[in-house]
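See structure below.
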Amino acid sequence: MIWPPFAGRAAPGEDGAVTENGAVTAGRPAAAAPASGQVPAWARGVAAVAVLTGAGISTDSGIPDFRGPQGLWTKNPAAEKLSTYQVYMTDPEVRRRSWRARLEHPAWAAQPNPAHRALARLAASAIDTQVITQNIDELHQRAGTPPERVIELHGTMFGVVCTGCGDRTAMADALARVRAGEDDPPCAGSRLTMTRLAPAPAATAVVRDPIGQAVPRIADQVLAANPG
Ligand SMILES: [Zn+2]
């Protein structure tokens, strides 16, 4: 999680972490944690907050991350190779394994942790809050952040989409079919492969720019490379 991605209108130099344009360097260690009740300079006047979260925010809920010391891909590098869309589409054995993994996913039993709840408190305040997450576990929404305030970059594990006709159904229904013996359940309408609900394949670029400085340049580059 990048925090804090934005600073408010703290005067430049008022706080060591605040840069000229009012941004706070992401990932900077909290040199001196403010005493209870004390508000750091950068936090004053904050009107809008965008937070980018990844697997790390859900490890305290019991969901392993991918690249951490206990990460799924750290412990099993082959698993990362199996996570590509192409392999999923072309290898039925990978799909069978994926469905079994979905059945046993730790997120089904996971509960939001204090970090998810803290962001929900922000979202419930007057501060304009947007959570952008790489996670598919919906723990932000279950903690109380309104769904329209959560952008799920990698989709959600609570939905299923047909790769052929685009039909969307509930993951629970698909998993019931897996439990009943269909190890790679196809779409009921098209008989084609189904997969976890994910953003449209056309969304191939994610701009990661916590302080917004590079956004205009990146936007121009994307527009220039994709005219019309
Ligand atoms: Zn279909």
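Points to keep in mind about this one:
- Flag if R117 is open to solvent by 80 Å² or more (accessible area, probe 1.4 Å) and over 16 Å from the mean Cα position of the chain (by Cα): no
- Qualifying residue in the range 173-192 (condition: closer than 30 Å to T129 by Cβ and among the hydrophobic types (A, V, I, L, M, F, W, C)): no
- Residue match in the range 140-150 (condition: of a type outside the set (V, I, T) and in contact (Cβ under 8 Å) with a residue 60 or more places away in the chain): yes
- Condition broken by Q111, with the remaining ones in (1) modelled with pLDDT of 95 or more; (2) closer than 21 Å to D183 by Cβ satisfied: (2)
- Number of positions in the range 94-114 that are open to solvent by 20 Å² or more (accessible area, probe 1.4 Å), in contact with an Asp or Glu (Cβ under 7 Å, 6 or more places away or on another chain) and polar (S, T, N, Q): 0
The values are calculated or read from the model by the stated rules, or taken from the named source; none is laboratory data. In this text, all values refer to a predicted model and were calculated from it rather than measured experimentally. All Cβ positions, glycine included, derive from the backbone under ideal geometry; neighbour counts span all protein chains shown. Please note that ligands, DNA and RNA were not included when accessible areas were found on the heavy atoms of the full protein model with its side chains. Shrake-Rupley method; radii C 1.70, N 1.55, O 1.52, S 1.80 Å.
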